[in-house]
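Structure first, then comments.
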Amino acid sequence: MERGNFSTRLGFILVSAGCAIGLGNVWRFPYITGQYGGAAFVLIYLLFLAIMGLPIMVAEFAVGRASIRSAAMSFDVLEPRGTRWHWYKYGAIAGNLLLMMFYTTVTGWMLYYLYKTASGGFIGLDAAGIEAVFSGMLMNPVLMGSYMAGVVLLCGGICYLGVQAGVERITKWMMLALLILMGLLAINSILLPGAGAGLHYYLYPDFGKLMEYGLKEVIFAAMGQAFFSLSIGIGALAVFGSYIGKSKRLTGEAVWVIVLDTFVAIMAGLIIFPACFSYGVDPSSGPNLLFVAMPNVFNAMPFGQLWGSLFFLFMTFAAVSTVIAVFENLIVCFFELLHQDRQQIIRWGMPVIILLSLPCVLGFNVWSGFQPFGPGSGVLELEDFLVSYNLLPLGSLVYLLFCMSRYGWGWNAFIKEANMGQGILFPTWLRAYLTWGLPLIVLAIFFNGYYALFFNK
């Protein structure tokens with residue numbers, strides 16, 4: 001039984017980027033950028049990517065590469081004798097399972113909308129008709145469940161082919177196609193009549209908005225987006241670190257992943273805002289932006305069916321790449337824990353993931369009365385809360401403290417692993433900040449998330 005590994009550096013970077021690039025890049029980043037001051041917000045966001053996201057990503061890669069294990073066994077291999085860092089394996093596995101439990105459903109929405117747009121299902125519909133399509137999908141558990149199951153079978157099938165033949169090869173081509181699609185869509189949006197107003201709203205550095213919302217709120221919004229955008233903390237990236245050799249220093253590899261993740265987020269705004277402003281559609285946040293606003297835009301656009309199909313193809317690639325990455329992480333975790341054949345784990349895993357994902361599907365219809373956070377919330381919001389507000393920040397704190405503390409793996413071992421090979425050196429003068437300052441920032445994000453959700457309403 002072999003774990004497998006990546007055949008190329010490009011494969012590692014693109015698969016890792018595919019894990020980080022997700023739907024939050026597309027529907028959340030453009031919205032909050034426009035809301036909080038355009039380019040002024042982007043500058044703050046980039047700052048926190050550099051001082052917060054990058055070090056934690058390097059730490060996660062380092063733990064994976066040094067141990068040649070996933071989150072299920074990496075701490076067991078590296079921790080000092082008698083310590084209990086390996087207990088976090090249960091948090092990491094839970095985080096990946098929970099992410100799959102709602103992300104497969106949302107990815108199914110993308111797949112359905114790709115079919116709906118490509119087949120001309122939105123042609124001739126007004127705004128109310130398009131909104132009715134989205135509402136009808138949510139109220140139909142059989143439809144949503146079918147597309148969710150289709151996503152699980154598709155991504156599980158890709159993983160079944162193996163690390164190189166399946167995960168690396170297919171994700172690599174998918175990510176390259178995603179970048180090309182984004183370029184075409186962005187050019188089309190920028191050339192639309194009246195697109196300048198959307199570009200101004202999105203990119204103009206409006207420092208007045210920073211003051212309007214208050215610097216504290218804007219900083220926490222930038223910190224939160226930088227943190228959650230990268231999917232750090234649940235071992236989803238550590239497993240890919242375990243697949244690569246030691247020829248390249250990890251800082252440069254992490255920089256490439258962050259650059260691609262940020263590029264996709266910024267390009268998504270260049271697609272959405274000029275198009276929305278050109279056709280007088282309000283670019284609202286959340287699912288409505290993708291499933292109501294954008295189909296309205298494409299209906300009004302020349303060759304809208306083509307551009308809409310390309311848009312939802314790009315969205316499907318972004319979502320599927322994340323599902324494949326998380327699925328692969330879970331496969332390797334159970335491979336290391338159970339010592340079972342990879343294909344056998346996948347054959348058992350696919351029906352289990354489908355069953356675990358059903359509550360999210362049913363939460364919009366049969367179980368719609370379950371509203372854990374008040375009206376408008378449901379199973380999806382609860383699962384997202386457990387991952388985004390708890391396991392990601394706390395898991396990141398575990399990785400950070402494990403790499404910095406003498407009671408864990410320790411600074412010397414971490415810096416030796418991070419700086420092995422050629423490329424960008426990880427700065428050793430950051431030790432004090434990473435030991436004391438960054439953990440406090442992560443804790444601030446954790447507590448602010450709870451405050452914003454339960455007290456700041």
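Each reported figure results from applying straightforward, stated rules to the coordinates on display, with no laboratory input. The model shown is predicted, which means the values in this text are computed figures rather than measured ones. Ideal geometry is used to build each Cβ from the backbone, glycine not excepted, and the neighbour counts take in all protein chains shown.
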The simple spin-label model distance between residue 187 and residue 282, using points 7 Å out along Cα→Cβ, in nm, is 3.4
Highest-first arrangement of 7-20, 108-121, 319-332, where packing means the average Cβ count within 10 Å: 319-332, 7-20, 108-121
D for the chain, whole µm²/s, Stokes-Einstein with Kirkwood Rh over alpha-carbon pairs at 10 °C and 1.306 mPa s: what number? 71
Give me the one-decimal Kirkwood hydrodynamic radius in Å for segment 66-142, with the sum taken over alpha-carbon pairs. 16.2
Angle between the chain longest axis and helix 342-362 axis [Cα atoms, degrees, rounded to 10]: 50
What are the chymotrypsin sites (Phe, Trp or Tyr not before Pro) within segment 355-398 that DSSP puts in a loop, where the Cβ has at most 14 other Cβ atoms within 10 Å? 370, 373
Given only helices, namely DSSP H runs of n ≥ 4 each adding -39500 (n - 2.57), what is the per-residue ellipticity at 222 nm of the chain, to the nearest 500 deg cm²/dmol? -22000 deg cm²/dmol
What is the helix-to-structure angle for 250-278, meaning the angle in degrees between its Cα long axis and the longest Cα principal axis of the chain, kept from 0 to 90 and rounded to the nearest 10? 10
Which of the trypsin sites (Lys or Arg not before Pro) found in segment 45-113 are in a DSSP loop and have at most 10 neighbouring Cβ atoms, other than their own, within 10 Å? 81, 84
Which residues in segment 417-438 have a backbone N closer than 17 Å to a point placed 7 Å from the Cα of residue 407 along the Cα-to-Cβ line? 435-437
Counting other Cβ atoms within 10 Å, which trypsin sites (Lys or Arg not before Pro) in segment 209-272 have at most 14 and lie in a DSSP loop? 246
Students often forget the sequence filter, so: which aspartates and glutamates lie under 16 Å Cα-Cα from residue 116 once same-chain residues fewer than 8 apart are removed? 126, 131
Report, in degrees rounded to the nearest 10, the 0 to 90 angle that the Cα long axis of helix 215-229 makes with the longest principal axis of the chain. 70
Please list 43-52, 396-405 highest first by mean number of surrounding beta-carbon atoms within 10 Å per residue. 396-405, 43-52
Can you list the lysines whose alpha carbon is less than 23 Å from that of residue 172, not counting same-chain residues fewer than 8 positions off? 246, 248
Efficiency by 1/(1 + (r/R0)^6): what FRET value for residue 425 and residue 7, r their Cβ-Cβ distance, R0 = 35 Å, to the nearest 0.05? 0.85
In whole angstrom, note down how far apart the Cα centers of segment 395-422 and segment 183-244 are. 29
C-alpha center-to-center spacing [segment 340-392, segment 56-92] in angstrom: 26
